Amino acid sequence: MRSIRAAAVGAVTLSLALAATACGGGSSTGGGSNDSPKTLTYWASNQGASVAVDKKVLQPELDKFEKQTGIKVELEVVPWSDLLNRILTATTSGQGPDVLNIGNTWSASLQATGALLPWDAKNFARIGGRDRFADTALGSTGAQGKDPAAIPLYSMAYALYYNKKIFAEAGIARPPATWAELTADSKKIQAKGKSALGAEGSNLSENIHHVFVFAKQHGADFFTADGKPDFTSPKVVEAVKSYVDLMAKDKAIPTGDAEYAQNQSVSDFAKGKLAMLLWQSAAANLKSQGMSEDAYGIAPVPVISGKPGSGTQVNSAVMGINMAVFKNTDNLDGATRFVKFMTSDEEQKILNTAYSSIPPVKSAQADAAFGTPATAVLKDTLAVSAAALPQVASESQFETAVGTAVKALFADAAAGRAVTADSVEAKLQKAQQQMPAA
């Protein structure tokens with residue numbers, strides 16, 4: 001899922017959505033379908049540096065679809081801070097769009113509401129078949145053993161972005177491959193009067209993505225094999241503490257970043273205030289903020305030791321955006337035609353180039369446009385060292401509860417309060433108590 005979002009926290013919870021009768025599009029109010037076979041409503045996620053950027057990217061493609069099919073697509077770009085709650089409200093009210101983007105980590109949670117169209121063999125056939133899509137991307141489309149609840153649209157992975165000039169001034173010849181090297185490099189960078197590593201301590205989704213990776217590197221999982229929360233196991237506690245310790249102990253992350261929210265660390269990096277940034281598919285975002293591609297390098301996210309791979313060498317979550325259709329849309333044919341259009345080779349190249357993401361459609365991914373050194377790092381990460389976040393019904397509550405716990409731990413670190421194994425466990429215990437009963 002796009003890391004620029006702030007995780008949605010609001011009055012509508014998934015437990016309410018699960019308890020209600022799920023309804024899809026088909027209403028003429030609240031952003032729903034207007035019951036016209038020649039019109040679709042589409043909620044797009046905010047992928048660019050602003051909503052205006054997204055409209056500039058998407059509207060020409062929607063106009064192209066209308067010219068080809070006669071179907072007009074009414075676009076609304078929804079900020080990440082609102083998107084999950086908007087979707088959950090739509091599942092309970094029936095006043096949703098026909099087609100929408102979702103963060104891929106939400107797939108199983110939204111699947112459990114019953115509101116989204118299942119992509120069975122028949123529906124996949126309408127858009128060219130399941131085999132067109134990369135297996136890695138399909139792994140984040142819903143619960144294992146069930147038909148996917150959404151179709152991959154944009155694929156992303158985390159990488160380490162580093163400022164070449166700052167590194168040279170600090171006498172650092174290459175990007176760090178391990179966390180120990182990153183900590184050592186941070187001291188050299190700070191000795192030159194620069195901040196080392198950016199973070200967004202109040203961005204719940206960023207927190208989740210990073211502690212998930214740290215958990216994998218410590219051989220831990222937040223859920224048991226049967227899908228039950230397991231937030232307080234010793235290895236999970238150790239993993240979460242090791243991430244927060246980048247601020248609390250190692251001083252690599254500035255204490256001011258404890259209050260940072262959506263996109264603030266990217267802005268600091270683009271302005272040359274930071275030497276390093278852990279981000280997903282950041283090139284387009286950095287370019288829009290005036291940073292030249294020549295000014296930074298891109299490398300795999302560090303691991304504890306060795307090089308990235310599977311198991312404890314995982315260095316990214318499988319990130320991305322999926323496209324879903326509300327099951328009760330009044331224009332199923334038009335909706336599936338639109339999904340087919342957006343996942344066509346031509347559109348995949350256009351859109352993923354605009355957002356510096358990787359096409360989940362295999363034939364589009366092979367295009368030369370995605371063969372640059374920077375995209376090679378992302379493609380390699382997705383292929384060999386990325387893992388899907390838990391595809392469980394309570395995943396969205398997990399993001400909120402544990403993301404909030406990490407936010408509180410960063411606040412402690414910034415205030416000079418000790419971050420200990422006990423304090424980490426206590427906050428994770430509180431997070432686990434907030435999870436819905438099985």
query: Distance from the Cα centre of region 116-143 to that of region 260-274, in angstrom?
result: 36
statement: Listed by chain and number, the residues whose amide H is under 5 Å from that of S50, excluding neighbours fewer than 5 places away on the same chain and using placed H, are none
task: List the lysines whose Cα lies under 16 Å from the Cα of K67, skipping any in the same chain that are fewer than 8 positions away.
output: K38, K340
- line: So, for the Cα atoms of region 54-209, Rg and Dmax in Å stand at 21.3, 61
- prompt: Could the peptides 207-217, 147-157 be put in order, highest first, of the mean number of other beta-carbon atoms found within 10 Å of their residues?
  reply: 147-157, 207-217
Interchain or long-range residues, amide H under 5 Å from L153's placed H: I321, N322, M323
- line: In whole angstrom, the spacing between the Cα centers of region 83-104 and region 394-417 equals 26
- prompt: Of A270, L88, A368, whose Cα points farthest to the positive end of the dipole of the chain (charges on the beta-carbon: +1 Lys, Arg; -1 Asp, Glu; origin at the Cα centre)?
  reply: A270
task: Please work out the Kirkwood hydrodynamic radius for region 325-438, using every pair of different C-alpha atoms, and report it in angstroms with one decimal place.
output: 18.3
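Determine one quarter of the surface area of the Cα convex hull of region 207-323, which equals its mean projected area, and express it in nm² to one decimal.
Seen from a random direction, the Cα hull of region 207-323 projects 9.2 nm² on average.
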Alpha-carbon Debye profile of region 314-382, log10 I(q)/I(0) at 0.17, 0.21, 0.22 Å⁻¹: -0.68, -0.90, -0.95
- prompt: Where the only charges are on Cβ atoms (+1 Lys, Arg; -1 Asp, Glu), what is the dipole of the chain about its Cα centre, to the nearest 20 debye?
  reply: 640
task: Report ³J(HN,Hα) in whole Hz for each residue of region 145-154, in order, from the Karplus equation J = 6.51 cos²θ - 1.76 cosθ + 1.60 where θ = phi - 60°; Gly and Pro get x.
output: x, 10, 4, x, 8, 7, 10, x, 10, 10
message: Once each part is reduced to its C-alpha centroid, what is the distance from region 193-238 to region 346-380 in angstrom?
response: 28
task: Starting at the first residue of region 319-335, write each ³J(HN,Hα) from the Karplus equation 6.51 cos²θ - 1.76 cosθ + 1.60 with θ = phi - 60°, in whole Hz, x for Gly and Pro.
output: 9, x, 10, 10, 10, 10, 10, 5, 4, 9, 4, 7, 9, 4, 4, x, 5
task: Starting from the Cα of K165, draw a straight line to each of the lysines and keep only those under 19 Å, dropping any in the same chain fewer than 8 residues away.
output: K187, K188, K192, K194, K271, K273, K287
- request: DSSP loop (so not H, G, I, E, B), at most 15 other Cβ within 10 Å: list which trypsin sites (Lys or Arg not before Pro) in region 265-315 pass both filters.
  value: K271, K273
Cross-link partners of K430 among lysines (Cα-Cα below 27 Å; sequence separation of 8 or more within a chain): K216, K228, K235, K241, K249, K251, K407
- prompt: Just the Cα atoms of the chain, one point each, no solvent: what log10 I(q)/I(0) does Debye give at q = 0.07, 0.10, 0.14 Å⁻¹?
  reply: -0.32, -0.66, -1.30
query: Check V303: other-chain or 5+ apart residues with amide H under 5 Å from its amide H, H built from backbone geometry?
result: T178, W179
task: Go through region 235-240 residue by residue and turn each phi into a ³J(HN,Hα) via Karplus (6.51, -1.76, 1.60, θ = phi - 60°); whole Hz please, and just put x for glycine and proline.
output: 6, 5, 4, 4, 5, 5
task: Rank by packing, highest mean first: peptides 412-420, 327-335, with packing defined as the count of other Cβ atoms within 10 Å averaged across residues.
output: 327-335, 412-420
query: What ranking of V51, V402, V73, V392 emerges when the number of other C-beta atoms within 10 Å of each C-beta is taken as an exposure proxy, fewest first?
result: V51, V392, V73, V402
query: What per residue convex hull volume, in Å³, do the alpha-carbon atoms of region 38-115 yield?
result: 96
- request: State the answer as a single residue: which of A324, I71, T400 lies farthest towards the positive end of the charge dipole of the chain, with beta carbon charges of +1 for Lys and Arg and -1 for Asp and Glu, about the Cα centre.
  value: T400
Antiparallel bridges, percent of DSSP beta bridges restricted to the chain (to nearest 5): 60
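A short reminder: the numbers here are calculations on the coordinates, not readings from a lab. Just so it is clear, the structure is predicted and the values come from calculations on it, not from any experiment. Note that we place each Cβ from the backbone using ideal geometry, even for glycine, and neighbour counts take in every protein chain shown.
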